[in-house]
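Enquirer: My structure is below; once you've seen it, I'll send some questions.
No lab work stands behind these numbers, since they all come straight from the coordinates. From a predicted model like this one, the values you see are computed outputs, not experimental measurements. Backbone-built Cβ (ideal geometry, glycine too); neighbour counts: all protein chains shown.
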Amino acid sequence: MITRLTEEQCTAKLSRILASSAKVTTLLQAIRTLDRGALKRGITCRPCAGTNQQDKMGYYDGTYKRVVLCCDNLRSAEQVEETLVHELVHAFDASRKGTFSSICHLIACGEVRASALGQCHAIRPEHKRRQCILRDAIQSTHVHCGDAAAKIVEQVYEKCRKDDAPLYTSSP
């Protein structure tokens with residue numbers, strides 16, 4: 001049986017992560033620098049069952065300026081942190097300008113970055129990390145861009161995987 005977090009457990013883990021994670025702190029500071037209102041409704045844990053987000057671990061809602069962590073799909077503090085980092089990368093990307101040949105290229109790049117800096121960051125060796133990033137980015141991009149997702153993700157992969165802003169100083 002898979003133990004999923006309650007809203008209260010998720011919120012407690014989120015509070016600890018917000019107080020202790022250097023990655024999260026860096027992302028939040030960078031987001032605030034670019035757009036103070038990008039997260040005006042904050043970061044919350046809530047169940048997503050029965051919503052159009054029910055299969056997700058979390059999401060950045062650019063319309064309502066918030067990150068929602070789907071507690072009913074999370075099982076550990078590690079998953080909470082990885083999901084939060086993933087969604088904060090989306091919030092950061094939404095706050096900065098970029099040039100892409102299509103909206104699908106923009107989406108694909110964001111998914112590559114979010115996966116590379118989030119849930120796939122610690123996977124080794126490198127070819128397995130690449131597989132993780134590609135799998136997740138293609139799956140997420142497919143929702144918006146259909147069957148072209150795999151090709152588009154491959155087109156942006158190298159450039160976007162190397163873009164680790166704002167977490168590391170080696171960023172382009």
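Enquirer: Return K162, K40 ranked ascending by Cβ neighbour count within 10 Å, so the fewest neighbours appear first. Please report the intermediate quantities before stating the final value.
Expert: Values: K162 13, K40 10.
Lowest to highest Cβ neighbour count: K40, K162.
Enquirer: Right, next: Output the Kirkwood hydrodynamic radius of segment 98-164, Cα pairs only, in Å rounded to one decimal. Can you show the working numbers first?
Expert: Working: mean 1/r = 0.0876 Å⁻¹.
Here the Kirkwood hydrodynamic radius works out to 11.4 Å.
Enquirer: What is the distance in Å between the Cα centroid of segment 1-59 and that of segment 101-124?
Expert: Segment 1-59 and segment 101-124 have Cα centres separated by 18 Å.
Enquirer: Please report Rg (one decimal) and Dmax (integer) in Å for the Cα set of segment 52-107.
Expert: 12.7, 38
Enquirer: Still on this model: Just checking my list (i) 16.3; (ii) 19.0; (iii) 17.6 against Kirkwood radius over Cα pairs in Å computed from this structure; which label fits?
Expert: (i)
Enquirer: Just want the ordering: F100, F92, from fewest to most Cβ atoms lying within 10 Å of their own Cβ. Before the final figure, lay out each step's value.
Expert: Values: F100 16, F92 26.
In increasing order of surrounding Cβ atoms, one gets F100, F92.
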